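Report on one structure; see the data block that follows.
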Amino acid sequence: MDDQFTFAEAAAKFILARTPLRPRIGLVLGSGLGGFADSLTDAVRIPYSEIPALSRSTAIGHAGQMVIGKSSAVPVAVMQGRLHLYEGYSAQQITFPMRVFGRMGIRSVILTNAAGGFNLNYQQGALVLIRDHINLQGANPLIGANDDRFGLRFPDMTHTYAKDYRQAAQQEGRQLGMTLHEGVYAALPGPSYETPAEINYLRVIGADLVGMSTVLEAIAARHTEIKVLAISCVTNMAAGILDQPLSHQEVMETGERVKASFEALLHAILPRIASDKEIV
Ligand code: HPA
C-alpha cells in the first residue's frame, strides 16, 4: 500500500519516535523567516531526506528539515523550508507535510511566507494576517481520487483562515506594540515575479498581496480539518508600485530585518493557539 495516507502515517511514526514531545501545532517557515526554528528548546532536527516515507513519496532531497521543539511550554513541529510549484513539485508533494502533520496529531498550523504588497497601506516589512486567498496557481492538491480518511471530496473554504486565531494574533501583536494588517493573498506559481499589469489585475480582483506559496498548504490543511493561521511578511512592494526592480536579495534582507519582531509574535501567539479548546 503506497498511497499518501500510508506514507503520511509512516512519516509521522518515524518523526514521533525521535522525540518525546507530542506537538498539536505545526508551523511552516517561509523565505527568510526560518530563524524561528533555531529559537526552540529541547529541539530535535530531522532533515527531510532522513524521513523515509517523506523522501520516498516526494523525493524532496535537500529542501530543509523538520524541527520538533518547544516554544516556552508549547511543543511545536516546524517545517524549516517548504516546497514550491516553481521547483517542479506537484501540488500533492507540496502539501504532503500537511498530511504528515495531520497523522502526527497536529490540529492547527501557522503558515508563514514572504510576499509582495500592493495594498498602499502596507509598507515594506509589514506583517499581514491572511484573511482569505485567491488561488491562481492553476493547481489544487485535492485533484484526483479523494481519500476519505483525510477528508471530504468538496471541502468548504468559507472559513479557511480561522477568525479566532486572527483575533488572538491581533491582541498579541498589540501587546507587543506591533501593527498587524489583514489582507487577501493571491498565489501565483512563479518563479518570475509579476509584471506591473499583473499586479494591477490582482488589485482589481480584490487581493492585497501576492506570493508563490501557502494556498495549497491551506487547502490540504482544511481538507483534513487542521485550523490555519497564515502570516505574510511584506518583504517588498510588488512590481510597479515603486519604480524599481524586484530581487530575491531584497526579499531575504527584509526577512532578516523583521526577524526579531516576527519571532516574538510567533512565540506570543503559540500559547493562545495551544489553549484552543477545539484542538486539545
Ligand atoms: N511576488 C511574488 N512572490 C513574492 C514577492 C513578490 O513580489 N515577494 C516575496 N515573494
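The values are calculated or read from the model by the stated rules, or taken from the named source; none is laboratory data. As the structure is a prediction and not an experimental result, all values here were calculated from the model. Every residue, glycine among them, receives a Cβ derived from its backbone with ideal geometry; neighbour counts consider all protein chains shown.
Structure notes:
- Hits in region 131-165 - residues which are crowded, with 19+ Cβ neighbours inside 10 Å and under 17 Å from Asp208 (Cβ atoms): His133, Thr160, Tyr161
- Scanning region 173-199 for residues that are of a type outside the set (Ser, Thr, Tyr), surrounded by fewer than 16 Cβ atoms within 10 Å (Cβ to Cβ) and touching a Gly at 6+ places or on another chain (Cβ under 9 Å) gives Pro189, Pro196, Ala197.
- Residue match in region 187-194 (condition: within 11 Å of the ligand (Cβ to nearest atom) and over 24 Å from Gln92 (Cα atoms)): yes
- Among the candidates Ser247, Ser232, residue that is at pLDDT 95 or above and among the polar types (S, T, N, Q): Ser232
- Within region 107-128, tally of residues that are buried (at least 22 other Cβ atoms within 10 Å of the Cβ) and in contact with a Lys or Arg (Cβ under 6 Å, 6 or more places away or on another chain): 2
- Within region 87-144, restricting attention to residues that are assigned to a loop (DSSP other than H, G, I, E, B) and β-branched (Val, Ile, Thr), the residue that is farthest from the chain's Cα centre (by Cα) is Ile143.
- Flag set for Leu188, criterion: touching a helix residue (DSSP H, G or I) at 6+ places or on another chain (Cβ under 9 Å), within 18 Å of Val215 (Cα to Cα) and of a type in the set (A, V, I, L, M, F, W, C).
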